[in-house]
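Inspection log for the structure reproduced underneath, given as structure tokens.
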Amino acid sequence: MLSEEELKFGGKDPQLLKRFMQEFFPYSHFKKIGIFNKEMRGNYYAQAARICNRLGLKSIYEYGSKEIRCHLTYVDGKRPEGEPFVTVTPSIYE
């Protein structure tokens, strides 16, 4: 039985949540950097809640929903050949 908070962050379809979390939030990497803990392994609702709380999302499916435009500064002061001045990361839903 899922709590109201878990449903709010992860939705009603556990398989959809599992695929989404595996695609965008690799457990081993997030555990290594301290965002997930070993008790969260396989608990995609707990993982979604942690991400939502950290990023201020109402639902995990808001992640990546907006296009991001930014200028990247490189250490050596030179952009790699062909790299645009403004980097655009499109919405994952487009």
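Note on segment 7-41: among residues that are farther than 22 Å from ILE92 by Cβ and in contact (Cβ under 8 Å) with a residue 12 or more places away in the chain, the one that is surrounded by the most Cβ atoms within 10 Å (Cβ to Cβ) is MET40. Quick check on my filter: what residues within segment 51-94 are loosely packed, with under 10 Cβ neighbours inside 10 Å and within 26 Å of LYS8 (Cβ to Cβ)? Within segment 51-94, ARG54, GLY56, LYS58, TYR93, GLU94 qualify. Scanning segment 1-16 for residues that are farther than 13 Å from CYS52 by Cα, among the hydrophobic types (A, V, I, L, M, F, W, C) and at pLDDT 95 or above yields one hit, LEU16.
The values are calculated or read from the model by the stated rules, or taken from the named source; none is laboratory data. None of the values given here were measured: they were computed from a predicted structure. Glycine also receives a Cβ, built like all others from the backbone with ideal geometry; neighbour counts cover every protein chain displayed.
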